[in-house]
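The values are calculated or read from the model by the stated rules, or taken from the named source; none is laboratory data. What you are looking at is a predicted structure, and each value in this text was computed from that prediction instead of being measured. Reconstructed Cβ throughout: ideal geometry from the backbone, glycine too, with neighbour counts over all protein chains shown.
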Amino acid sequence: MGSTSVSLLSVVVGDEELLVDRAVAGLVAAARADDPEVDVHDLVPGQVSAGKLVEATSPSLFGERRVVVLRSAQDLTKDLAAEVVTYLKDPADDVLLVLVHAGGAKGKALLEAAVKAGATRIDCAKPTKAAERMAFIKDEFTRADRQITRDAQQALLDAVGNDLRELASACTQLIADTEGRVDEKAVARYHTGKAEASGFTVADRAVEGRLPEALEQLRWSLSVGTAPVLINSALAGAVRGLAVAAQPPRGVSEAELAKRAKVPPWKLKTLRQQARGWTPQGVAHALQVIAETDALIKGAGRDPAYALERAVIEIASARARRG
């Protein structure tokens, strides 16, 4: 990329969405620091054809530098995976290729080919033990040059649960709204209602189209101190789950479907019931609303409660959306 500071080939390996997103963002940021005009192509297998892949990775006639992020590389068709393997043997010197791979057995040959070609490997394994999640919370505070007590780490884990994105959002909220070392009392003030007020009930009622109940739950959750980012994160999770349950790919096992929806297998039945009446257009609109709300909550708007209320109304009404 005109500098040795950015590798031409990188593989981001793992199934923890937050860590994967951060790793990819870090690589893009490094490329932009090297060349602010760099062009970024962020692709998923459904968007990729052989022609598009060749176009994105071909050397530029005008010397423009590019970052090509290929998400879910394990899901590429056999032919496209072979195209990428061929490219790895002779990569363009003005393209930074970032392959994102879940790390399982599927598509393993492509991952091995990338590593063999000298790709920089970044592992983003999902924390599976409480101690690893506690360490994650501590690291979030350390990155912000702040401290959190061990008791507070445990209290936060108890209140928020195991989802890393929600934990990160909770840490961000606490860092923004407190000073000095965060203790158990500070966590308790923000998470009085614990799981009941975490936003999941709000999300369930909203995607079911039960607007009065969703708004009632939202106001109650906010009144007991649930962080707005956590409520919006729950809304995002519910809508993403709908997208998986509404149009499940053929031949995918229940366990894999639950993994894609980021829910325990027993919750698939609930998701399928919630998905009735939803159209792809409705899901797309709901996801757009959530992205807008996320921006409003994190600084673009002045009233997070109003932004969330609008989001709940939009999501509940998107249920029967046809266009």
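Can you tell me how many residues in region 226-258 are more than 30 Å from R310 (Cβ to Cβ) and either of a type in the set (V, I, T) or surrounded by 16 or more Cβ atoms within 10 Å (Cβ to Cβ) (or both)?
4
Please state which one of A113, A159 is small (G, A, S) and at pLDDT below 95. Write out each step before concluding.
Working: A113 fails: at pLDDT below 95.
Unique residue meeting the criteria: A159.
Out of A152, A131, A144, A114, report the one residue that is closer than 25 Å to G46 by Cα and small (G, A, S). Give the derivation first.
Values: A152 fails: closer than 25 Å to G46 by Cα; A131 fails: closer than 25 Å to G46 by Cα; A144 fails: closer than 25 Å to G46 by Cα.
On inspection, the qualifying residue turns out to be A114.
From L268, L230, L211, L218, grab the single residue that is in contact with a helix residue (DSSP H, G or I) (Cβ under 9 Å, 6 or more places away or on another chain) and closer than 20 Å to C171 by Cβ.
Values: L268 fails: closer than 20 Å to C171 by Cβ; L211 fails: closer than 20 Å to C171 by Cβ; L218 fails: closer than 20 Å to C171 by Cβ.
Sole residue among the options that is in contact with a helix residue (DSSP H, G or I) (Cβ under 9 Å, 6 or more places away or on another chain) and closer than 20 Å to C171 by Cβ: L230.
Any idea which of L211, L271 is outside the structural domain of L156 (by TED's automatic domain parsing), over 24 Å from the mean Cα position of the chain (by Cα) and either β-branched (V, I, T) or surrounded by 15 or more Cβ atoms within 10 Å (Cβ to Cβ) (or both)?
On the way: L271 fails: over 24 Å from the mean Cα position of the chain (by Cα).
L211 is the lone residue from the list that is outside the structural domain of L156 (by TED's automatic domain parsing), over 24 Å from the mean Cα position of the chain (by Cα) and either β-branched (V, I, T) or surrounded by 15 or more Cβ atoms within 10 Å (Cβ to Cβ) (or both).
Out of curiosity, is T57 among the hydroxyl-bearing types (S, T, Y), without any contact (Cβ under 8 Å) to a residue 24 or more places away in the chain and within 19 Å of G118 (Cβ to Cβ)?
On the way: among the hydroxyl-bearing types (S, T, Y): yes; without any contact (Cβ under 8 Å) to a residue 24 or more places away in the chain: no; within 19 Å of G118 (Cβ to Cβ): yes.
No: the conditions fail for T57.
Taking the options L268, L211, name whichever one is over 20 Å from A159 (Cβ atoms) and touching a residue at least 40 places away in the same chain (Cβ under 8 Å). Lay out the reasoning, then the answer.
On the way: L268 fails: touching a residue at least 40 places away in the same chain (Cβ under 8 Å).
Exactly one of L268, L211 is over 20 Å from A159 (Cβ atoms) and touching a residue at least 40 places away in the same chain (Cβ under 8 Å), namely L211.
So for region 268-283 (the condition being over 22 Å from D163 (Cβ atoms), among the aliphatic types (A, V, I, L, M) and out of contact with any Cys (no Cβ under 6 Å at 6 or more places or on another chain)), does at least one residue qualify?
There is no residue in region 268-283 that is over 22 Å from D163 (Cβ atoms), among the aliphatic types (A, V, I, L, M) and out of contact with any Cys (no Cβ under 6 Å at 6 or more places or on another chain).
Looking only at region 140-174, how many residues end up being part of a helix (DSSP H, G or I), among the charged types (D, E, K, R) and over 21 Å from the mean Cα position of the chain (by Cα)? Write out each step before concluding.
Narrowing region 140-174 to residues part of a helix (DSSP H, G or I): 140-143, 150-160, 164-174.
After this cut, where a residue has to be among the charged types (D, E, K, R) as well, the list is 140, 143, 150-151, 158, 165-166.
Next, only the ones that are over 21 Å from the mean Cα position of the chain (by Cα) stay: 150-151, 158.
So the answer is 3.
Tell me whether region 216-233 contains one or more residues that are of a type in the set (V, I, T), touching a His at 6+ places or on another chain (Cβ under 9 Å) and in a loop (DSSP other than H, G, I, E, B). So that I can check it myself, show each step before the final result.
At the first step, the residues of region 216-233 found to be of a type in the set (V, I, T) are 224, 226, 229, 231.
If we keep only those that are touching a His at 6+ places or on another chain (Cβ under 9 Å) too, we end up with 224, 226.
Those left that are additionally in a loop (DSSP other than H, G, I, E, B): 224, 226.
There is at least one residue in region 216-233 that is of a type in the set (V, I, T), touching a His at 6+ places or on another chain (Cβ under 9 Å) and in a loop (DSSP other than H, G, I, E, B).
Among the candidates G251, G301, G282, G277, which residue alone is closer than 26 Å to Q173 by Cβ and either outside the structural domain of L167 (by TED's automatic domain parsing) or modelled with pLDDT of 85 or more (or both)?
Just one listed residue meets the conditions, G301.
Any residue in region 8-32 that's on the phi > 0 side of the Ramachandran plot: show its pairings with residues that are surrounded by fewer than 18 Cβ atoms within 10 Å (Cβ to Cβ) at Cβ separation under 7 Å, as long as the two are six or more apart or on different chains.
G14/D123; G14/A125; G14/K126
Is it true that some residue in region 36-51 is surrounded by 15 or more Cβ atoms within 10 Å (Cβ to Cβ), among the hydroxyl-bearing types (S, T, Y) and modelled with pLDDT under 90?
The answer is no, given that none of the residues of region 36-51 is surrounded by 15 or more Cβ atoms within 10 Å (Cβ to Cβ), among the hydroxyl-bearing types (S, T, Y) and modelled with pLDDT under 90.
Here are some residues: T77, T142, T128, T120. Which one is loosely packed, with under 14 Cβ neighbours inside 10 Å, among the polar types (S, T, N, Q) and farther than 26 Å from D163 by Cβ?
Values: T142 fails: farther than 26 Å from D163 by Cβ; T128 fails: farther than 26 Å from D163 by Cβ; T120 fails: loosely packed, with under 14 Cβ neighbours inside 10 Å.
Checking each option against the conditions leaves just T77.
State whether one or more residues within region 82-90 are within 23 Å of the chain's Cα centre (by Cα), assigned by TED's automatic domain parsing to the domain that holds V40 and surrounded by fewer than 17 Cβ atoms within 10 Å (Cβ to Cβ). Give the derivation first.
The initial filter retains those residues of region 82-90 that are within 23 Å of the chain's Cα centre (by Cα), namely none.
Scanning region 82-90 turns up no residue that is within 23 Å of the chain's Cα centre (by Cα), assigned by TED's automatic domain parsing to the domain that holds V40 and surrounded by fewer than 17 Cβ atoms within 10 Å (Cβ to Cβ).
Which condition breaks for G199 when tested against (1) at pLDDT 90 or above; (2) at positive phi?
The one condition G199 does not meet is (1).
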